[in-house]
Each structure stands twice: as structure tokens, then as C-alpha cells.
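Novice: Structure provided below as C-alpha cells; questions to follow.
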Amino acid sequence: MTDQASKVWSQQPTDSAGTGRRGVIAFEDAALVERCRKGDMQAFGLLVAKYQDRLLNVIGRICPRQADAEELAQETFLKALERLGQFRGHSQFYTWLFRIAVNLAVSHRRRAGRLTVHSLSDCPEAQPPQAAALAEAAQRRNVPPDQAALSAETARRVAAELNSLDEEFRVVLILRDIEDMDYLQIASVLELPIGTVKSRLHRARCLLKERLIDLVQ
């Protein structure tokens with residue numbers, strides 16, 4: 001993959017969850033969850049505010065239509081609230097929440113049928129978020145129009161090729177290279193052995209690189 005494609009691929013909202021402060025974040029989540037169990041809806045609101053952007057980002061990669069992604073994100077939080085009593089703390093709240101989100105998104109996509117690359121390119125609602133972000137950044141930096149167009153086209157191409165991968169490869173790639181989860185977190189979200197996560201990720205990266213080989217030229 002080219003440097004340009006790699007930069008486009010890795011662009012994502014930043015957040016403290018899942019970083020070096022993971023232990024502190026996990027403790028904060030546990031405290032908020034406990035407050036939720038006691039009926040404190042303000043605490044649940046804090047969890048929503050904390051994770052909604054990242055959750056929407058991941059769901060949007062699996063189901064590119066913005067309206068679908070937003071609806072699925074809302075459904076995720078509603079299901080999390082309903083099932084809060086089932087959360088035993090054996091995993092981080094963060095990975096438990098994302099497990100619900102990924103399962104809902106994958107199920108929705110399977111019901112709706114696989115989107116084609118053609119529909120992804122032509123539907124304005126399904127354009128990858130990088131394209132708009134790159135265009136806005138280019139305007140601020142006075143980047144030449146041809147260079148800005150090239151970056152936007154690369155973003156669309158990467159998103160289209162990602163969308164064409166089989167479910168098992170696309171999801172693990174999203175969680176690792178976009179959401180920046182570690183192997184243990186991904187294994188928890190997908191309920192898979194770490195060895196399976198690693199092998200799927202390797203295969204997914206190889207497949208994506210093969211499909212973007214012309215960008216390497």
C-alpha cells in the first residue's frame with residue numbers, strides 16, 4: 001500500500017479509550033457502569049458521549065450508509081442499556097459494547113445484502129468520511145485542486161476495496177487498523193482465539209494490498 005493510501009486508511013477520530021491509559025479508562029467505565037445499574041442515567045449518558053463517535057466510525061465502516069450507521073449506533077446503546085445486567089466485567093465495557101455494535105452491523109449488512117463497489121461510489125450518503133475531511137483540509141491549506149482530488153479519490157478507492165472484502169476479513173481489519181484495538185480486545189469483541197485474529201488480520205492486509213497494487217506504482 002502506498003504512503004498516501006496508508007495515511008487515508010488510518011485516519012480516524014482520536015480518543016483516549018484503548019490507549020496507554022487503558023487501565024484508568026477501564027476503571028472509570030466500571031464506576032460509570034455501576035452507577036448505571038443503580039439507575040443513574042446521567043452516568044450512562046457519559047458512556048454514550050465517551051464512545052459514540054468511535055462506535056459510529058466502526059459501524060460506518062461496516063455499513064457505509066450514514067443513516068444506517070446512525071440508527072445502528074443508537075440501537076447498540078439501547079441494547080447495551082437493556083443488557084447491562086448481563087455485563088459481568090469479565091471483559092472491558094469498551095469491548096463488550098463494541099461486540100454488540102459489530103454483531104448488529106454485520107447482521108444488518110447480511111440482511112440488506114452486500115453493497116457493490118458501484119453503489120458505494122455513486123451514493124453520496126455512502127461516501128467515506130475521509131473524502132469530505134480531505135477536501136475541507138485541502139481548502140484550509142490551499143492544496144492544489146488536482147492534489148486534493150487525488151487524495152479524495154484514494155480515500156474512495158480504499159473504502160471501496162475495504163467494502164469488497166469478506167466479512168471476516170473486513171471487520172478484523174477495521175478493528176485493528178482503524179479502531180486501533182489490540183489483539184486481545186479484538187479477540188474479545190469477535191469472541192475468537194487470538195491466533196485466529198492474527199491470521200485473519202494478516203490475510204486481510206494481504207488481500208487489501210493486492211487490490212490496491214496499482215496505487216503502489
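Novice: Just grab the label-to-label distance for residue 84 and residue 53, each label 7 Å out from Cα along the Cβ direction, in nm (one decimal).
Specialist: 2.4
Novice: Summing +1 for each Lys or Arg and -1 for each Asp or Glu, what net charge is found among the other residues whose Cβ lies under 13 Å from the Cβ of residue 171? Please list the in-between numbers first.
Specialist: Numbers: positive: 61, 99, 109, 110, 170, 176, 200, 203; negative: 166, 167, 168, 177, 179, 191.
The answer is +2.
Novice: Using the basic label-point model (7 angstrom from Cα toward the beta carbon), what is the residue 167 to residue 202 distance in nanometres?
Specialist: For the pair residue 167/residue 202, the computed spacing is 2.5 nm.
Novice: Order these by the 10 Å Cβ neighbour count, fewest first: 206, 63. List each step's numbers first, then the result.
Specialist: Working: 206 11, 63 22.
Taking fewest neighbouring Cβ atoms as first place, the list is 206, 63.
Novice: Now for a separate question. Among 108, 90, 202, which comes first, second and so on when ranked by fewest other beta-carbon atoms within 10 Å?
Specialist: 90, 202, 108
Novice: While we're on this one: Please arrange 174, 194, 213, 59 by how many other C-beta atoms lie within 10 Å of their C-beta, fewest to most. Let's see the in-between values first.
Specialist: Working: 174 24, 194 13, 213 10, 59 27.
The order, fewest Cβ neighbours first, is 213, 194, 174, 59.
Rule-based calculations on the coordinates, nothing more; no lab input. Every value quoted in this text rests on a predicted model; they were computed, and no experiment measured them. Here Cβ is always computed from backbone atoms with ideal geometry, including for glycine, and neighbour counts include all displayed protein chains.
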